[in-house]
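Note sheet for the following structure.
Each reported figure results from applying straightforward, stated rules to the coordinates on display, with no laboratory input. Everything quoted here is computed from the prediction, not taken from an experiment. Please note: Cβ atoms are built from the backbone with ideal geometry, for glycine as well, and neighbour counts cover all protein chains shown.
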Amino acid sequence: MTITWEKPALRPVGLGRQVGIVTAAVAAYFGVRGATEAATDQALANAGTVVDFERSVGLFHEHWLQSTFAGTPAVATFFNWIYIWGHWPVIVATLIWLARTNPAIYYRTRNAMLLSGGIGLVVFMLFPLAPPRLAELGLVDTVTQSSDAYRVLQPAMFTNQYAAMPSLHVGWDLLIGLAILAAAPKARGPLLRAFGAAMPVLMVAAVVLTANHYIVDAIAGAALTATCWWVLRARERRQPRGYAGWDGLGLR
């Protein structure tokens, strides 16, 4: 698979309007959070279902992975920091960069986040899932245990404890990686492209080793967002050549 640099759309991104769109998305998230935060019994039951499924297909390795690869404080801290600082800070910085340098890729990335986030919210509501750290599996919540910065960036009142499936930590970092690879020319940004390729891989490791997601959560998150990305890309290609006014969802 080859990802080539794509020229930016001609019209700049209006950041004020984008803030409004994000605010509406956050409001939707809070609505779902309120509907699922008391679903503890169902979330634990669903965790049992996920664990049974992983065992049946040979994927239940979360305990072994954490004890083997995050068993020392230094390594655990490294993956904690990937989980914390490699998500929202990277997403926000990349979206601002794209908005200023490549509106076409900005809109595709934003739209893929909105579409996958909307689908994710439905799944979170219908299938609340306790993550490994809350599912009584003997796994350690390494982020809460040793990284206070997480509660600064994401206070408990702003998080949905049972929004484990799909993993949008993985999925949205994959979108950011795809966006960087699409927007950074090979000749000009080899280090940036390397960062875009590495970040989703590191996030997969981080969400599993910190006991925040099951392996199947990571697979589901990556599959969901990648599908949204390629669907939107295909729609873009059906637009008239040189047309710069289309943002994919009519949310310009």
Taking the Cα centre of the stretch 40-237 as origin, sum charge times position over the Cβ atoms of Lys and Arg (+1) and Asp and Glu (-1), and report the length of that vector in debye to the nearest 20. 1100 debye
May I ask you to order 41-51, 75-85 by the average number of other C-beta atoms within 10 Å around their residues, highest value first? 75-85, 41-51
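Please report H63, H87, H213, H169 as a ranked list, fewest other C-beta atoms within 10 angstrom at the top and most at the bottom. Walk me through the numbers on the way to the answer.
Values: H63 14, H87 22, H213 30, H169 25.
Going from sparsest to densest Cβ surroundings: H63, H87, H169, H213.
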